[in-house]
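Below: one structure, written as structure tokens.
The values are calculated or read from the model by the stated rules, or taken from the named source; none is laboratory data. Quantities reported herein were computed from a predicted structural model and do not represent experimental measurements. Cβ placement follows ideal geometry from the backbone for every residue including glycine, while neighbour counts extend to all protein chains displayed. Only protein heavy atoms, including side chains, enter the accessible area calculation; ligands, DNA and RNA are left aside. Shrake-Rupley method; radii C 1.70, N 1.55, O 1.52, S 1.80 Å.
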Amino acid sequence: MPSLAATADPASHGEIAFPHRPSRPVAGFVALGDSYSAGIGTGLNGTEDECRRGLHAHPRLIQADLNTTTRGHDAAPPALQFLSCTGSTIEDMLSGAPNSQIDAFNTSLPADFALLSIGGNDLGFFDIMNSCIFRFYSFYSGTCDEALRRSEEALTGPEFEHGLRLAIMEILDRVKWEKNPWFS
């Protein structure tokens, strides 16, 4: 796959031309990740599962936009496998983990691309928000400096990058990317 920089069209004023097959509309995609992808707080329809997927989460909004662009093209609306789950860490989503999102990814359904939003829980995003801004637990919230230090240690440590690479490789392996180079 060419690098994104190599595919930029100079006439497009810096916009990146992503690989695509213009003759075929998007058939479907998969959303994997944590609360950012699950859309916690973006609306519910009276039912809420343990993953707290919102009605207006960005994967659902992207699906709606794609559905609008496929009208008039004799194509079915794009399928969405919405596997994101609030609270997930990189390890949670990997193959073999309980409730693994990657194991739940059904490759018999159409998927032209994946949305991946993961890492906030691995880096202590809630602890930073709590310690530095909201102070939910008053004195027991800890200090902002300490939360930021722990997050920086996790970010610069080898486990975080290794986990991200492993998750991406497992997703690509799941779709047999070498036989499906248009998957992105």
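Tabulated data for the structure shown
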quantity	calculated
Net charge over other residues, Cβ less than 13 angstrom from the Cβ of Gly157 (K, R count +1; D, E count -1)	-3
Highest average packing first - 56-64, 174-182, Cβ atoms within 10 Å	56-64, 174-182
Å² per residue, accessible surface of the stretch 74-128 at 1.4 Å	48
Distance from the stretch 28-58 to the stretch 93-120 (C-alpha centre basis), Å	14
Environment charge at Thr107 (Cβ cut-off 15 Å; Lys +1, Arg +1, Asp -1, Glu -1)	-2
